[in-house]
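The block underneath contains the structure these notes are about, expressed in structure tokens.
The values are calculated or read from the model by the stated rules, or taken from the named source; none is laboratory data. All figures in this text were calculated on a predicted structure; none of them were measured in a lab. No Cβ is skipped: glycine too gets one built from the backbone with ideal geometry, and neighbour counts run over all protein chains shown. Remember, those area values only see protein heavy atoms, side chains included, never the ligands or the DNA or RNA. Shrake-Rupley method; radii C 1.70, N 1.55, O 1.52, S 1.80 Å.
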Amino acid sequence: MAAQPKLQVEAKPLEQADLERYWKETADELNLTELMAAATVSIGENNRTIDITATETWFATDFRPHRVEVMQSIRKKCGMPMLDCNVIPLFISKETIIYTAEEKFRAMADRNPSIVAMRRLFPEIDL
């Protein structure tokens with residue numbers, strides 16, 4: 001048997017405009033328009049990865065089950081079978097407020113005045 005010759009075609013470098021177009025086309029094809037609209041895509045390091053940056057806090061969790069099929073579609077469109085993605089979730093940071101024991105007690109007493117009577121019965125409760 002004669003071996004079949006293999007043709008190796010080098011894909012053109014991925015450009016940002018093409019990536020955005022592939023992202024939108026894939027969203028339409030897979031009926032994930034609303035989900036994929038909650039993220040932006042950009043070319044990652046060495047043109048071998050794409051960075052998917054979430055613009056909504058729920059995106060990373062909801063995208064996880066669709067990641068493989070989305071990436072397969074994008075790989076096929078751009079001709080780069082080894083293309084990978086990096087999902088960057090959105091976190092909302094809240095400022096922590098530090099209270100002293102007395103400040104905590106006053107805040108609780110404002111909401112529930114009967115706690116003052118409890119403190120009289122147990123004066124050493126915050127120790």
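In degrees, nearest 10, range 0 to 90: what is the angle between the Cα axis of helix 101-111 and the longest Cα principal axis of the chain?
90
Here are several values of semi-axes √(5λ) of the Cα gyration tensor in Å: (i) 57, 15, 13; (ii) 28, 18, 13; (iii) 48, 24, 13. Which one was derived from the coordinates shown?
Recomputing semi-axes √(5λ) of the Cα gyration tensor in Å here gives the entry labelled (i).
Using a Gaussian network model on the chain with a 10 Å cutoff between Cα atoms, which of Lys24, Lys77, Lys104 fluctuates the most?
The residue that fluctuates most here is Lys104.
Of all DSSP beta bridges in the chain, what percent run antiparallel (nearest 5)?
Close to 50 percent.
Taking Cα centroids, how far is the range 69-94 from the range 30-61 in Å?
Centre-to-centre distance over Cα atoms comes out at 6 Å.
Going through the range 30-127, which chymotrypsin sites (Phe, Trp or Tyr not before Pro) have at most 15 other Cβ atoms within 10 Å and a DSSP loop state?
Sparse-neighbourhood loop chymotrypsin sites (Phe, Trp or Tyr not before Pro): Trp58, Phe91, Tyr99.
To the nearest 20 Debye, how big is the dipole of the chain about its Cα centre, given +1 on the beta carbon of each Lys and Arg and -1 on that of each Asp and Glu?
For this selection, approximately 260 debye.
Excluding same-chain pairs closer than 8 in sequence, count the lysine pairs in the chain whose Cα atoms lie under 26 Å apart.
Taking the Cα cut-off of 26 Å, the pair count is 8.
Note down the nm distance, to one decimal, between modelled labels 7 Å out along Cα→Cβ at Glu102 and at Val68.
My value for the distance between the label points is 6.1 nm.
Leu30 versus Glu56, label points 7 Å from Cα toward the beta carbon: distance in nm?
The two pseudo-label positions are separated by 1.5 nm.
Using only the heavy atoms of the protein chains and a 1.4 Å probe, how would Ser42, Ser114, Ser93 rank by accessible area, largest first?
Ser93, Ser114, Ser42
Grab the DSSP H runs of the chain that are 4 residues or longer, score each as -39,500 (n - 2.57), total them, divide by all residues and round the 222 nm result to the nearest 500 deg cm²/dmol.
Dividing the helical sum by the residues of the chain leaves -12000 deg cm²/dmol.
Mind checking which of Arg111, Arg64, Arg75 has the largest fluctuation in a GNM of the chain, springs on alpha carbons under 10 Å?
Taking springs between Cα atoms under 10 Å, the residue moving most is Arg111.
Of the residues Ala27, Ala60, Ala107, which exhibits the maximal mean-square fluctuation in a Gaussian network model of the chain defined by a 10 Å Cα contact cut-off?
Ala107
Based on DSSP loop calls and a cut-off of at most 12 other Cβ atoms within 10 Å, the longest stretch of the chain free of exposed GluC sites (Glu not before Pro) is what?
Excluding the exposed sites themselves, the longest stretch runs over 16-94.
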